[in-house]
Every structure is written in C-alpha cells, then in structure tokens.
Amino acid sequence: MKLLITGSSGLLGLNIALEALSAHEVIGVDRAKLKSPPFQTIQADLLDDDAVDSVLDAARPDWLIHCAALADLEACEADPGLARRLNAEMPSALAKACHERSIRMVQISTDAVFDGMKSGSYTEDDAPVPVSIYARTKVDAEHAVLESNPEAIVARVNFYGWSLSGRRSLAEFFHHNLTNNKSMSGYIDVIFCPMHAAHLGQTLLKMLAKGLHGLYHVVGTQPMSKYQFGVEIARRFKLNDSEISPKSIQSSSLVARRAHNLYLSVNKLSTDLGEPLPSFSAGLDLFYAQFKEGFTQKLKSFTQA
Ligand SMILES: NC(=O)c1ccc[n+]([C@@H]2O[C@H](COP(=O)([O-])OP(=O)(O)OC[C@H]3O[C@@H](n4cnc5c(N)ncnc54)[C@H](OP(=O)(O)O)[C@@H]3O)[C@@H](O)[C@H]2O)c1
C-alpha cells in the first residue's frame, strides 16, 4: 500500500515510517528537519492555505496516518489558538479531504482525553472529560474526524521510543539521566499504559489492513506509574534505579492539568484484531535492542544531508 505519514520527523511518525518501510511504500510529510530519511518526503507546513489538498493530491496515498500535532501539553496552554488549529482544525480538514478521495485515515488521539477519576480501566464507551487545552482539542478532533469520515480510525495512544532529538519521550528522559548519573523524579500517582512506538505502528498497520474503523484504544497492555516505568528502564539497561525518586505530580510546577489514572482497556482492539497486543516486556526489549544496535545514531543520520 502507499502510506502517507504526517509528522514524519516526530517521535511517532518517524518510528511508524521506519516500521512500515519493509511492506509499504512510505511518504512522509516534513517541514525540512529530515535531510536523508530512507523514505520519500513531501515538504509542507500543513497549516498553509491549500496544504492539505496539495499534499494529498501529490502523494495520492491509499492510507494516511496523521501524527502531526502540537503534542506538548504545556505549549498548548501557552498558545491555545495554535493548539486548536493544529490539533482540531487540521485533522478535521484532513478527514474531509480523505473522505472525498477514499483514503483510509488514522487520526492519532491520546489517552489524555480522560480526567482519570475512574477506578479501573477506561473503555471506548466511557465519555471523555478533557482537563487541559491539549485534551480538549484532541477530543474535538475525534468528533470532527468520525463525523465527516466514518471509515476513519481514531486511535487513542500512549507510546515511547527513540526520537530524532533524543529527548522527546519519557523513556529517553529516564535513559538520558540514568546514563549520566543524574538524579530525577518519577510520578507515582500517574498511571498509564506505555507501548513501544514500533509496536504501535505495527498494530495500526494491522488495523488498516483488517479494515477496522471507529474509535479504539491502542496502548500497552500493562498499566504502571511513571515512576515504575523509569525503574523498569533502569533495570533493563542495568542502570541504577535509586537515582529515580518517587514523587507526586501534585508537587510539580506543570501548568496543564494531568489525570491520575490513564489505564485504558484494549479489549475491543484485541478482540477485533483476533490477537493479543505486544507485551510491555517485548516493547522494553526492543527499546534496549535498538539502543545496542545503534538505532539512535541511525536516526541522527537522517538529519544530515
Ligand atoms: N508523545 C506522547 O507521549 C503522546 C501521547 C499520546 C498521544 N500523542 C499523540 O501522538 C501524535 C504524535 O506525537 P509525537 O509525540 O510523535 O509528536 P512530536 O514528536 O512532537 O512530533 C510532532 C510532529 O508534527 C509536525 N508538525 C507540527 N506542526 C506542523 C505543521 N504545521 N505542519 C506539518 N507538520 C507539523 C512536527 O514537525 P516538525 O518536526 O517540523 O516540527 C513533528 O513531525 C500526536 O497526535 C500526539 O497528540 C503523543
């Protein structure tokens, strides 16, 4: 299939692009960060007038995975107008344009659509309660995409992996500080379900191939606190987990409100796919193996001409 990926220089988009390459023709949308990626790119700022139509008409993909966004919660609080344009209006325009062209679209949403007040896991039937500007814009995108393009997939995700900057994911934050013997905190009262970005990419491609549509939770199968996640990374890399101190998010200076419980059930997805999702330990093993095999240097080489 011909697969178009927006945000192909970002943490998720780049990992999906690399994962898809062996079986699909991949075209990324980039704003000039990638100089020599192993896939074709179209340079475009998707907020420019007519960019959505011109990119889709130039690429003519079968599938679109829309990863571009303002994904930094603090940046969304600082510039709500930009957050709305990027996170809500752009996906809405893409969904309509994909519908007109019969392109199957995946809109990447977030686990952060919930306020975290539920005990136990959230299913797709639970109503979102956004508690930040980021979450509000992502919920608005979910509604707009499914309204104008019922064949689309809206995937609520949480993921980690290696990024171009080396600083984008929480896993990289822990790994960087641990390898530099720097002490750091990990939140004990934020529960989430991290999935390796490559496993997320594989899963989304299977969902597209199977013709699934509608709203799905596409996250890891093992809920844990952010502190526990840091400890798991330290142990896998044989680094000193005592550098990580358990801390409450209540004591943080973050502006955007965060939910305490983002445990999302993946039962609907594993039933519809007919197979279990990759385990947390398989994801962590992959994160470790990639590091040992020089994956981070490989990513950096894509930014050199
Ligand atoms: N990271 C997480 O933990 C997390 C968790 C849940 C959900 N999500 C969702 O997952 C998706 C991907 O997140 P991410 O962490 O991979 O984001 P990221 O690393 O911040 O990447 C964002 C991407 O969007 C591109 N972009 C931004 N504005 C653009 C514009 N006007 N035109 C074209 N491209 C533009 C960026 O391009 P440049 O490189 O040129 O800036 C970059 O490639 C987002 O929808 C996010 O909401 C993320």
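The values are calculated or read from the model by the stated rules, or taken from the named source; none is laboratory data. Everything quoted here is computed from the prediction, not taken from an experiment. Using ideal geometry, Cβ is built from the backbone for each residue, glycine included, and neighbour counts are taken over all protein chains shown.
Return the total of residues in region 268-285 being under 17 Å from the mean Cα position of the chain (by Cα), of a type in the set (A, V, I, L, M) and under 24 Å from Phe237 (Cβ atoms).
The qualifying residues number 2.
Are any of the residues in region 222-239 of a type outside the set (Phe, Trp, Tyr), assigned to a loop (DSSP other than H, G, I, E, B) and over 26 Å from Lys138 (Cα atoms)?
Yes: one or more hits.
Collect the residues in region 61-89 that are more than 14 Å from the ligand (Cβ to nearest atom) and over 23 Å from Lys206 (Cβ atoms), keeping them in residue-number order.
Answer for region 61-89, where residues must be more than 14 Å from the ligand (Cβ to nearest atom) and over 23 Å from Lys206 (Cβ atoms): Glu77, Ala78, Pro80.
Are there any pairs with C-beta distances below 6 angstrom linking a residue in region 284-305 that is closer than 20 Å to Ser36 by Cα to a residue that is among the hydroxyl-bearing types (Ser, Thr, Tyr), with the two at least 6 apart or on different chains, and if so which?
Phe302/Ser36
With the condition kept exactly as written, say whether any residue in region 64-71 is over 22 Å from Ile16 (Cβ atoms) and not polar (S, T, N, Q).
no
Matching residues to (1) surrounded by fewer than 18 Cβ atoms within 10 Å (Cβ to Cβ); (2) closer than 19 Å to Arg257 by Cα; (3) of a type in the set (Gly, Ala, Ser):
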| site | (1), (2), (3) |
| --- | --- |
| Asp125 | yes, no, no |
| Val129 | yes, yes, no |
| Tyr134 | no, yes, no |
| Leu146 | no, no, no |
| Val154 | no, no, no |
| His175 | no, no, no |
| Thr179 | yes, no, no |
| Pro194 | no, no, no |
| Tyr227 | no, yes, no |
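Of the residues in region 109-139, how many are under 21 Å from Ala88 (Cβ atoms) and either modelled with pLDDT under 95 or in a loop (DSSP other than H, G, I, E, B) (or both)?
10
What number of residues within region 151-168 satisfy the criterion of being more than 19 Å from Ile233 (Cβ to Cβ) and either more than 8 Å from the ligand (Cβ to nearest atom) or modelled with pLDDT under 95 (or both)?
Within region 151-168, residues that are more than 19 Å from Ile233 (Cβ to Cβ) and either more than 8 Å from the ligand (Cβ to nearest atom) or modelled with pLDDT under 95 (or both) number 5.
When you go through Ser8, Ser36, Ser22 one by one, which is the residue that is of a type in the set (Ser, Thr, Tyr), surrounded by fewer than 22 Cβ atoms within 10 Å (Cβ to Cβ) and touching a helix residue (DSSP H, G or I) at 6+ places or on another chain (Cβ under 8 Å)?
Within the list Ser8, Ser36, Ser22, the selection yields Ser36.
Here's a check for you: in region 95-119, which residue that is of a type in the set (A, V, I, L, M) and more than 17 Å from Leu146 (Cα to Cα) is nearest to the ligand (Cβ to nearest atom)?
For region 95-119, the residue satisfying everything is Ala112.
Which ones in region 169-186 are within 11 Å of the ligand (Cβ to nearest atom) and part of a loop (DSSP other than H, G, I, E, B)?
Ser169
Only one of (1) in contact with a helix residue (DSSP H, G or I) (Cβ under 9 Å, 6 or more places away or on another chain); (2) more than 8 Å from the ligand (Cβ to nearest atom); (3) outside any strand (DSSP E or B) is not met by Leu14, so which one is it?
(2)
Does region 39-55 hold any residues that are among the polar types (S, T, N, Q) and either touching a helix residue (DSSP H, G or I) at 6+ places or on another chain (Cβ under 6 Å) or within 13 Å of the ligand (Cβ to nearest atom) (or both), and which are they?
Result: Thr41, Gln43, Ser54.
Those residues that are in contact with a helix residue (DSSP H, G or I) (Cβ under 9 Å, 6 or more places away or on another chain) and in a helix (DSSP H, G or I), I need them from region 56-68; list them, please.
Leu56, Asp57
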